[in-house]
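Right, I'll just put the structure down here and ask away after.
The values are calculated or read from the model by the stated rules, or taken from the named source; none is laboratory data. Model, not experiment: these values are computed from the prediction. No Cβ is skipped: glycine too gets one built from the backbone with ideal geometry, and neighbour counts run over all protein chains shown. Surface accessibility is based on the protein's heavy atoms, side chains included, excluding ligands, DNA and RNA. Shrake-Rupley method; radii C 1.70, N 1.55, O 1.52, S 1.80 Å.
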Amino acid sequence: MTQDIASLDAPDLPVRDGSNSRKVFVKTYGCQMNVYDSGRMADALARDGYVQTEDMQDADLVLLNTCHIREKAAEKVYSALGRLRDMKKERAAEGREFMIGVAGCVAQAEGEEILRRAPAVDVVIGPQTYHRLPEALKRARAGDRVVETDYAVEDKFEHLPATDKAKIRARGVTAFLTVQEGCDKFCTFCVVPYTRGSEVSRPLAQILDEAKKLADGGVREITLLGQNVNAWHGQGRNGESLTLGDLLYELATVPGIARLRYTTSHPRDMDDRLIEAHRDLRVLMPYLHLPVQAGSDRILKAMNRRHTAAEYLTLIERIRAVRPDIAMSGDFIVGFPGETDADFEATMALIKTVHYAQAFSFKYSTRPGTPGAELGDQVDDAVKTERLERLQALLFEQQRAFNEGCMDKEIDILLEKPGRMPGQLIGRSPWLQSVNVDAKASQIGDIIKVRITGTGPNSLFSELVAG
Ligand code: SAH
Ligand code: SF4
Ligand code: F3S
């Protein structure tokens, strides 16, 4: 199936119809920021006459938007590149163009090394230079092997074409909007400060403009994105300093936008204004992804998290005091170098205090170039496995309990997509749970009231509430 993403407002391009357009297949790995970026790269390529295809066999260009966060994530890319090399050979035998591009965090971290390890690759492009992608492909077509991993001096967002209305509609009623990129926190395990560079915030006007365009295209819910989204800062119309809380108050006034979310936050940047926003704004959903990583102060210090377990817990108490129904989510790493049984038990104790509605957890993965990679006292893999299993069992139990707590409640859901059965739709609760409902008279994009009639670990079942 192909989806037409050709831009209508690109007069400088030859008009192509669906049959002779070039086709791009984009494979996205990693976080939501990569999902957003893949969309924006598709927008940039549409100007060059590329249409997006869901079928790799059909593509003239395969773009891998990669993730470097853990070793496994990076290795996946090289195995995919092995398969693509074989496809490229077959295509060459048929005399057909087949280009391979590597974008995202592996591109930024490994640059030239990718060309050495995978000679079939034509273009390596880092996240800061996506607006230069069409130009890079042109150079590759002329025979260059292109590596674009400099931090661009120009603002990529100003140079990327806006997503047109038809494409916004095709992408659904919920949308991501990147407001901040990069990270200055330098947690000792993490590659993000190296792959995404230092913290940069997009200006207020640019964000409001994009939010209005999304609303115009039928979007009802926007999730603001940033590797460190609550470090966002900007300037108001009178030159005053703004933080993420202020931005949320501004976005709450955009007509058509019924729901706002943001991710991912750092505990150090949860300021008073952001907590006030949770108190005041009904459009701000009661869900907060606030990674803590570990519950032992010794490990938190070694991770350079710059907060203690007690500070994290106090923060959650303050947020719950103003928004008692907030659902908490988090990220955890087990087996950071030097983690003892007692350290791990401190993480388990913290989880028991918080009661998470949902969470992500990982075994520590050594990342070359990070300070963590220099530390001795690595934890044995079997110990990591055992700790991860125990931690995930506890988190799973909390998630199940949270979902069961929703039984019989009447809640609003935003209908996002069709369900498996005719007449069935799948919506999202305020707490990010997936909710099934039979609602023949309703449409995707509607917010409807339902009563929860059943719960599973990963989704809820409901019936329409009349009225
Ligand atoms: N910017 C976000 C998330 C970054 S990556 C934040 O600050 O929370 C998402 C998650 O991956 C992290 O929260 C962490 O739990 C995990 N992670 C990052 N580096 C890792 C590593 N080297 N090994 C295992 N997990 C890691
Ligand atoms: Fe990585 Fe820490 Fe920055 Fe999050 S805050 S992106 S974990 S360095
Ligand atoms: Fe991965 Fe880069 Fe996101 S390393 S998690 S794709 S910021």
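How about segment 398-413: which of its residues are in a helix (DSSP H, G or I) and open to solvent by 80 Å² or more (accessible area, probe 1.4 Å)?
Correct list: GLU404 only.
For segment 91-111, which positions are surrounded by 11 or more Cβ atoms within 10 Å (Cβ to Cβ) and in a helix (DSSP H, G or I)?
Passing the criteria: ARG91, ALA92, GLY104, CYS105, VAL106, ALA107, GLN108, ALA109, GLU110.
Go through MET99, MET33 for me and flag whichever is in the same structural domain as ARG141 (by TED's automatic domain parsing), within 16 Å of ligand 2 (Cβ to nearest atom) and in contact with an Asp or Glu (Cβ under 9 Å, 6 or more places away or on another chain).
Result of the check over MET99, MET33: MET33.
Something else about it: Quick check on this structure: which one of ALA73, ALA103 is touching a strand residue (DSSP E or B) at 6+ places or on another chain (Cβ under 8 Å) and within 16 Å of ligand 1 (Cβ to nearest atom)?
The match here is ALA73.
Go through segment 164-208 and count every residue that is within 9 Å of ligand 2 (Cβ to nearest atom) and open to solvent by less than 30 Å² (accessible area, probe 1.4 Å).
Of the residues in segment 164-208, 11 are within 9 Å of ligand 2 (Cβ to nearest atom) and open to solvent by less than 30 Å² (accessible area, probe 1.4 Å).
Follow-up question, since we're still on this one. Pick from segment 247-266 the residues that are in contact (Cβ under 8 Å) with a residue 40 or more places away in the chain and part of a helix (DSSP H, G or I): which of them is surrounded by the fewest Cβ atoms within 10 Å (Cβ to Cβ)?
GLU250
Here is a yes/no grid of residues against (1) open to solvent by less than 20 Å² (accessible area, probe 1.4 Å); (2) farther than 24 Å from THR188 by Cβ; (3) among the small types (Gly, Ala, Ser); (4) in the same structural domain as GLU71 (by TED's automatic domain parsing):
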{"position": "VAL292", "(1), (2), (3), (4)": "yes, no, no, no"}
{"position": "GLY295", "(1), (2), (3), (4)": "yes, no, yes, no"}
{"position": "LEU313", "(1), (2), (3), (4)": "no, no, no, no"}
{"position": "ARG318", "(1), (2), (3), (4)": "no, yes, no, no"}
{"position": "ALA327", "(1), (2), (3), (4)": "yes, yes, yes, no"}
{"position": "THR340", "(1), (2), (3), (4)": "no, no, no, no"}
{"position": "ALA349", "(1), (2), (3), (4)": "no, no, yes, no"}
{"position": "VAL354", "(1), (2), (3), (4)": "yes, no, no, no"}
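Consider ARG273 against the criteria (1) assigned to a helix (DSSP H, G or I); (2) within 11 Å of ligand 2 (Cβ to nearest atom); (3) open to solvent by 60 Å² or more (accessible area, probe 1.4 Å): it satisfies all of them except one. Which criterion is unmet?
Of everything listed in (1) assigned to a helix (DSSP H, G or I); (2) within 11 Å of ligand 2 (Cβ to nearest atom); (3) open to solvent by 60 Å² or more (accessible area, probe 1.4 Å), ARG273 misses just condition (2).
What are the pairs, 6+ residues apart or on separate chains, where a residue within segment 65-92 that is not assigned by TED's automatic domain parsing to the domain that holds ASP381 and of a type in the set (Lys, Arg) has its Cβ under 9 Å from a residue that is open to solvent by 70 Å² or more (accessible area, probe 1.4 Å) and away from ligand 3 (no atom under 16 Å from the Cβ)?
Filtered contacts from segment 65-92: ARG85/PRO119.
Do you know which residues across segment 321-359 are charged (D, E, K, R), away from ligand 3 (no atom under 16 Å from the Cβ) and not in a helix (DSSP H, G or I)?
Answer for segment 321-359, where residues must be charged (D, E, K, R), away from ligand 3 (no atom under 16 Å from the Cβ) and not in a helix (DSSP H, G or I): ARG323, ASP325, GLU339.
Taking the conditions exactly as written (under 23 Å from the mean Cα position of the chain (by Cα) and either within 14 Å of ligand 2 (Cβ to nearest atom) or without any contact (Cβ under 8 Å) to a residue 24 or more places away in the chain (or both)), does PHE336 satisfy them or not?
no
Can you pull out every residue in segment 232-245 that is outside any loop (DSSP other than H, G, I, E, B) and surrounded by fewer than 21 Cβ atoms within 10 Å (Cβ to Cβ)?
HIS233, GLN235, SER241, LEU242, THR243 - these are the residues of segment 232-245 that are outside any loop (DSSP other than H, G, I, E, B) and surrounded by fewer than 21 Cβ atoms within 10 Å (Cβ to Cβ).
Something else about it: Would you please list the contacts, defined by Cβ atoms under 6 Å and residues six or more apart or on different chains, that run from a residue in segment 26-54 that is closer than 17 Å to PHE176 by Cβ to a residue that is in a helix (DSSP H, G or I) and open to solvent by 40 Å² or more (accessible area, probe 1.4 Å)?
THR28/VAL35
State yes or no: is ALA309 more than 21 Å from the chain's Cα centre (by Cα) and open to solvent by 50 Å² or more (accessible area, probe 1.4 Å)?
Against the criterion (more than 21 Å from the chain's Cα centre (by Cα) and open to solvent by 50 Å² or more (accessible area, probe 1.4 Å)), ALA309 does not qualify.
For the condition over 30 Å from TYR194 (Cα atoms), out of contact with any His (no Cβ under 6 Å at 6 or more places or on another chain) and in contact (Cβ under 8 Å) with a residue 40 or more places away in the chain, what is the one hit in ALA342, ALA359?
Step by step, each of ALA342, ALA359 is checked, and only ALA342 is over 30 Å from TYR194 (Cα atoms), out of contact with any His (no Cβ under 6 Å at 6 or more places or on another chain) and in contact (Cβ under 8 Å) with a residue 40 or more places away in the chain.
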